[in-house]
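Chemist: Quick one: structure below, then a few questions.
Only the coordinates and a few stated rules stand behind these numbers; no lab work does. As the structure is a prediction and not an experimental result, all values here were calculated from the model. Here the Cβ is made from the backbone with ideal geometry for all residues, glycine too, and neighbour counts use every protein chain on show.
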2 protein chains.
Amino acid sequence: MAVPLTYAGAGVDSKAVGRALGGLLRAARAPAVRGYGRPLLGPGHFSGLLQVGEERLALTTDNVGTKVLLAEQLGSWEGVGEDLVGVNVNDLSAVGARPLALLDYLMLPRPDPKLLATIGKGIGRGLRQAKCALVGGETAIVPDLVRTPDLSGTALGYFPPGRSPLTGRSIRVGDVLVGIPSSGVHANGFTLVRRLLERARTPLDRPLPGERIPFGKALLRPTRIYTSAAEALLDRHLAQGLAHITGGGVRNLSRLHPSVEFTLESWPGARGVFEWIVATSRLPPKELFQTFNMGIGFVATVRRKDLPAALGALAEAGARDARVIGRVSPGRGVRLPSLGIRYEGY
Amino acid sequence: MAVPLTYAGAGVDSKAVGRALGGLLRAARAPAVRGYGRPLLGPGHFSGLLQVGEERLALTTDNVGTKVLLAEQLGSWEGVGEDLVGVNVNDLSAVGARPLALLDYLMLPRPDPKLLATIGKGIGRGLRQAKCALVGGETAIVPDLVRTPDLSGTALGYFPPGRSPLTGRSIRVGDVLVGIPSSGVHANGFTLVRRLLERARTPLDRPLPGERIPFGKALLRPTRIYTSAAEALLDRHLAQGLAHITGGGVRNLSRLHPSVEFTLESWPGARGVFEWIVATSRLPPKELFQTFNMGIGFVATVRRKDLPAALGALAEAGARDARVIGRVSPGRGVRLPSLGIRYEGY
């Protein structure tokens with residue numbers, strides 16, 4: 001109880017992962033592919049970008065992670081099916097692509113028809129929100145590999161005529177940062193959440209003080225799908241950069257531009273599950289803001305003159321809760337002045 | 001020792017999987033996606049097919065399966081990295097697409113840099129053969145979910161100008177079936193292989209009688225990558241249908257056309273690992289031919305008049321071992337007359 005938990009202490013050391021991953025990428029290097037179909041951007045951004053003839057495409061893969069262990073504990077699987085869609089299509093939106101197709105990859109210890117139908121229901125809910133089609137998948141029954149189902153997927157997006165990939169390179173000092181709230185922790189940081197649950201023994205079947213829905217249900221709330229919000233901005237060319245706030249927390253912003261500072265002056269206070277995480281983990285805010293979305297799951301960078309139009313477009317697309325959370329300043333990295341936090345880069 | 005092992009007995013009941021999967025697909029059904037980007041073909045063929053503007057694309061996802069458990073037992077990981085590429089790009093070739101981009105999804109119990117570099121080396125070998133680029137991926141360190149690394153991936157392919165998706169609908173009675181040998185069991189049927197190994201206790205560090213390389217190494221031989229062979233046929237419009245022989249064995253052929261019979265009159269005899277599987281499992285051939293590739297990993301359907309050109313193109317592309325294995329006859333399903341096997345459909 002005395003030692004604050006860190007993410008490394010919870011079994012995930014992101015530096016070691018980064019080093020190991022670098023080794024994989026170096027070893028997997030193959031000659032550049034050129035011609036009618038070719039990659040435009042390698043690993044590193046929210047999605048890979050490709051060119052085929054006149055068309056550009058975005059491709060990304062992600063999983064629901066250890067959120068499945070809480071889903072199993074609570075016997076509640078529909079939400080993580082929806083997460084599987086959300087974690088992927090939001091990464092497409094972050095490069096300006098419109099979701100087109102999803103493939104799911106499920107690993108299961110046994111073929112449980114009821115479980116698969118429940119997960120499928122969640123996938124369907126996600127697909128309808130993202131206006132995306134399921135075009136294939138793989139369901140592996142591998143009792144020797146997993147005890148709990150694992151959910152991952154891959155999504156392909158395209159750029160409608162007149163729209164280009166959005167990498168954030170047009171971002172300028174003076175642009176405004178608009179944040180769209182998350183629905184909760186989404187599908188990141190669950191290894192730490194589960195350690196905190198073990199330690200705090202907070203009951204999952206009752207709401208947290210001041211909240212309405214049971215705590216377990218609040219933790220399992222599916223990843224908010226930002227497709228409509230992003231499409232509203234993209235169709236009107238109102239965004240200079242878009243970021244999906246996932247595993248690296250607000251550090252994800254620095255992927256958009258290497259030589260400006262993303263100054264987060266008006267980050268909302270921690271509420272609900274985030275208030276519980278702050279209180280229970282006793283981790284420094286710097287650790288929390290690079291592990292969780294901390295209440296904002298998607299950020300758009302817009303020109304100051306476009307702000308009213310952007311907020312209007314977002315409200316029309318159902319994101320009435322979008323709000324200004326900061327601005328782009330000279331410098332580099334990400335800063336939260338009120339908390340004294342500064343991240344140098346990604 | 002008395003009861004022959006079946007695939008269901010080995011922990012995988014394909015009928016139960018089929019039922020469970022049907023429930024997922026029904027539940028995940030979402031409104032049809034129409035417009036500039038749209039799916040052309042849903043789940044069921046070797047790859048999903050999509051249309052974006054004037055371009056058509058193929059998308060598929062697959063995993064290495066429980067072959068990883070043998071890789072772990074033998075401490076040999078490079079080959080399964082190559083498998084990860086092969087299992088995916090071969091499914092692209094089977095719909096006539098040229099591989100363009102791969103995303104990997106690795107689940108690991110810990111971030112092991114040496115292991116990842118070894119897997120990466122195998123991925124690189126596969127990518128070079130398939131002339132494909134790695135454009136992204138996800139490496140999940142999830143000690144609470146897996147004890148052994150799991151390797152899966154997704155591949156995107158395109159259709160060069162002048163080439164159309166190949167579903168097999170142009171196949172006609174009288175066409176010739178050309179088979180290209182596999183390099184071994186590839187990445188299918190390993191749940192059964194491992195049960196057989198437990199039962200037979202065949203030493204893995206010595207060659208089987210009459211073979212040269214140690215048995216364990218023969219079992220781990222990476223999936224043969226058929227990209228060059230398929231491209232050679234596709235560029236010259238010599239194939240009416242292509243099939244990747246994977247989990248469903250020769251039954252995969254019936255995906256190509258619902259109302260012809262694929263008559264396999266000249267299937268090669270079981271050698272090496274397949275000879276061992278036949279002898280050890282004592283399973284009826286009908287079971288084996290719907291579980292393993294049984295020596296042929298890729299099949300092309302060609303017009304009889306195109307046969308010399310097809311064999312020439314394959315030889316030029318390095319597949320000098322391609323051979324006629326049968327023909328297309330009136331009827332339906334798949335038949336191996338010499339073994340008295342008949343499969344009604346997929």
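Chemist: Output needed: percent of Cα pairs per 5 Å distance bin for the range B:264-346, bins running from 0 to the one holding the longest distance.
Modeler: Per 5 Å bin, starting at zero, the Cα-Cα P(r) for the range B:264-346 comes out as 3, 12, 22, 23, 17, 14, 8, 2, 0 percent.
Chemist: Note the count of lysine pairs whose C-alpha atoms are less than 22 angstrom apart in chain A, limited to pairs 8 or more residues apart or on different chains.
Modeler: Numbers: A:K15/A:K67; A:K15/A:K286; A:K67/A:K114; A:K67/A:K121; A:K67/A:K217; A:K114/A:K217; A:K121/A:K131; A:K121/A:K217.
Number of lysine pairs found: 8.
Chemist: Quick one: which of A:25-35, B:201-211 comes out on top by average Cβ neighbours within 10 Å, and what's the full order, highest first?
Modeler: Working: A:25-35: 16.0, B:201-211: 12.1.
So the order, starting with the most tightly packed, is A:25-35, B:201-211.
Chemist: What's the Kirkwood radius of the range B:118-174 in Å, using all Cα pairs? All intermediate terms of the calculation are to be shown ahead of the outcome.
Modeler: Values: mean 1/r = 0.0652 Å⁻¹.
Kirkwood hydrodynamic radius for the range B:118-174: 15.3 Å.
Chemist: Here is a further query. Quickly estimate the mean residue ellipticity at 222 nm for chain A, helices only: each DSSP H run with n ≥ 4 gives -39500 (n - 2.57), and the total goes over all residues, rounded to 500.
Modeler: On the way: 10 runs with 106 residues, N = 346.
Result for chain A, helices only: -9000 deg cm²/dmol.
Chemist: Name the residue, out of A:V278, A:V89, A:V328, whose mean-square fluctuation peaks in a Gaussian network model built on chain A with Cα pairs under 10 Å.
Modeler: A:V278
Chemist: Taking every pair of Cα atoms in the range B:51-101, average 1/r, invert it to obtain the Kirkwood radius, and report Rg/Rh to two decimals.
Modeler: On the way: Rg = 14.3 Å, Rh = 12.5 Å.
Reported Rg/Rh (Cα atoms, Kirkwood Rh): 1.15.
Chemist: Okay, moving on. Calculated FRET efficiency, A:E275 and A:S228, Cβ-Cβ r, R0 30 Å, to nearest 0.05? Walk me through the numbers before you get to the answer.
Modeler: On the way: r = 28 Å, r/R0 = 0.94.
Working from the Cβ atoms, E equals 0.60.
Chemist: Identify the residue of chain A whose Cβ lies closest to the rotation axis that maps chain A onto chain B, and give that distance in whole Å.
Modeler: A:T154, 2
Chemist: For the range B:48-158, compute Rh as the Kirkwood radius over C-alpha pairs and then the Stokes-Einstein diffusion coefficient at 25 °C and 0.890 mPa s; write the answer in µm²/s, rounded to an integer. List each step's numbers first, then the result.
Modeler: Values: Rh = 14.2 Å.
After rounding, the answer is 173 µm²/s.
Chemist: How much FRET efficiency would the formula 1/(1 + (r/R0)^6) give for A:K114 and B:D144, where r is the Cβ-Cβ distance and R0 is 30 Å, rounded to 0.05?
Modeler: On the way: r = 24 Å, r/R0 = 0.78.
My answer for the efficiency is 0.80.
Chemist: Here's a follow-up. Would you please state the base-10 log of I(q)/I(0) at q = 0.06, 0.07, 0.09 1/Å for the protein assembly as shown, with intensities from the Debye formula using one equal scatterer on every alpha carbon?
Modeler: Each listed q maps to, in turn, -0.34, -0.47, -0.76.
Chemist: Under the Kirkwood approximation applied to all pairs of distinct alpha-carbon atoms, what is the hydrodynamic radius of chain A in Å? Walk me through the intermediate numbers first.
Modeler: Working: mean 1/r = 0.0481 Å⁻¹.
Taking the inverse mean of 1/r over all distinct Cα pairs, chain A comes out at 20.8 Å.
Chemist: Also, quick follow-up: Hey, with R₀ at 41 Å, roughly what FRET efficiency would A:A315 and A:L40 work out to, going by the Cβ-Cβ distance, to 0.05?
Modeler: On the way: r = 33 Å, r/R0 = 0.81.
FRET efficiency, A:A315 to A:L40: 0.80.
Chemist: So if I take the centroid of the Cα atoms in the range A:204-228 and the same for the range B:212-233, what is the distance between those two points in Å?
Modeler: Computed from Cα coordinates, the inter-centre distance equals 49 Å.
Chemist: Under the rule of at least 5 residues apart or a separate chain, name every residue whose amide H is placed under 5 Å from the amide H of A:A101.
Modeler: Under 5 Å from the amide H of A:A101 lie the amide H atoms of A:A133, A:L156, each far enough along the sequence or on another chain.
Chemist: Applying a 10 Å radius around every beta-carbon, put A:255-266, A:183-194, B:230-241, B:162-173 in order of their mean neighbour count, most first. Each step should come with its number before you reach the end.
Modeler: Details: A:255-266: 19.5, A:183-194: 23.4, B:230-241: 21.2, B:162-173: 16.5.
Output ranking for A:255-266, A:183-194, B:230-241, B:162-173: A:183-194, B:230-241, A:255-266, B:162-173.
Chemist: A follow-up question, please. Report the local net charge at B:N90: Lys and Arg +1, Asp and Glu -1, summed over other residues whose C-beta lies under 11 Å from its C-beta.
Modeler: On the way: positive: B:R224; negative: B:D62, B:D83, B:D91.
Once positives and negatives cancel, what remains is -2.
Chemist: About the Cα centre of the protein assembly as shown, how large is the charge dipole given +1 on each Lys and Arg Cβ and -1 on each Asp and Glu Cβ? Please answer in debye to the nearest 20.
Modeler: 300
Chemist: What does DSSP give for the range A:204-346 in terms of the percent of beta bridges that are antiparallel, rounded to the nearest 5? The partial results should precede the final answer.
Modeler: Numbers: 10 of 13 bridges.
If I count the DSSP bridges inside the range A:204-346, around 75 percent turn out antiparallel.
Chemist: Explain nothing, just the number: dipole magnitude of the range B:239-333 about its Cα centre with +1 on each Lys and Arg Cβ and -1 on each Asp and Glu Cβ, in debye rounded to the nearest 20.
Modeler: Values: 12 positive and 7 negative charges, 41 e Å.
Using Cβ point charges on Lys, Arg, Asp and Glu, the range B:239-333 gives about 200 debye.
Chemist: Shielding by partners for A:32-39, please: the mean number of other protein chain Cβ atoms within 10 Å of each residue's Cβ.
Modeler: Averaged over the peptide's residues, the number is 6.
Chemist: Can you tell me the Rg and the Dmax, both Å, for the Cα atoms in the range A:164-315?
Modeler: Computed over the Cα atoms of the range A:164-315, radius of gyration and Dmax are 16.6, 49 Å.
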